[in-house]
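Each value in this text was obtained by applying a stated rule to the coordinates, not by laboratory testing. Owing to the predicted nature of the structure, the values given are computational and were not obtained by experimental measurement. Glycine also receives a Cβ, built like all others from the backbone with ideal geometry; neighbour counts cover every protein chain displayed.
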Amino acid sequence: MNIDWDLFLAPYKQAVDELKIKLKGMRNQFEKQGIHSPIEFVTGRVKPIPSILDKATKKNIPLDKIEEEMQDIAGLRMMCQFVDDIKRVVELLRKRNDFEIVEERDYITRKKESGYRSYHIVIRYPVQTIDGEKKILVEIQVRTLAMNFWATIEHSLNYKYRGQFPKEIENRLQRAAEAAFRLDEEMSQIRGEIQEAQVIFSRKKEAQDSD
Ligand code: 0O2
């Protein structure tokens, strides 16, 4: 099957661009109201073509089925400071009416064997095109900064070793995953202190900026 990738990926690119603005807008609304935002920052990407092809081969997905069966061609990531913020973000996403939630995968309560933790929400998002509305699947990953740090490092190593980690690296990654988990726990314990400090810091910065 021959795919015109530019044409195929165009609505995915549009969805990522639109959702980045919408999800970043949620953060801005918290800031405007002067309350702690459960969202620290948002990123988004369209899966590169070689990764789509690799995943299709690995998961036995025929190319004419990737639209329905590959849920993360369009992907957004929402990073949070604290583990409790993840729940709040998920609730905010559930309340929205500009998309429909298709599936939720909680890899926080049950982390993956690799040590990976994150909350995944798959949505069906309507993109308006000149040929009418097209609904596409988008995966939103919600995670803390510590979970993101670990996943980013593990992802690069995975790429280097193609999933076949030497035993020592595998052990270190497991220990790093535990350390990231403990870091999240510690930060949750001193959450009040951190937030007070952040309010003082942002007031001081505002005062300096208006001088
Ligand atoms: P990329 O480069 O991030 O796009 P599967 O791929 O079989 O694990 P499935 O069914 O596609 O799982 O859904 P899942 O696990 O909900 O989401 C897959 C995506 O989650 C991955 O995309 C990663 O982004 C992330 N992820 C899942 N498990 C791990 C892990 O152990 N380590 C890291 N670093 N990320 C993980 P892709 O396609 O793998 O890659």
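Overview of results
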| quantity | calculated |
| --- | --- |
| Residues 204, 95 arranged by fewest to most Cβ contacts within 10 Å | 95, 204 |
| Extension gain, residue 203 back to residue 152 (0.36 nm per residue minus Cα-Cα distance, nm) | 15.1 nm |
| Mean residue ellipticity (222 nm) of the chain, computed from DSSP H runs ≥ 4 via -39,500 (n - 2.57), nearest 500 | -18000 deg cm²/dmol |
| Peptide ranges 126-137, 15-26 listed from the most packed, as the mean C-beta count within 10 angstrom indicates | 15-26, 126-137 |
| Residue 108 long-range amide H proximity, modeled H, under 5 Å | 118 |
| Ranking of 109, 43 by count of other Cβ atoms within 10 Å, fewest first | 109, 43 |
| Antiparallel DSSP beta bridges within the stretch 1-151, as percent of all bridges there, nearest 5 | 75 percent |
| Over the chain, relative contact order from alpha-carbon pairs under 8 Å, at least 6 apart, % | 19 percent |
| Cross-link pairs beyond the 22 Å C-alpha cut-off, checked among 95/205; 20/111; 22/134; 22/47; 24/58; 65/95 | 95/205; 20/111; 24/58; 65/95 |
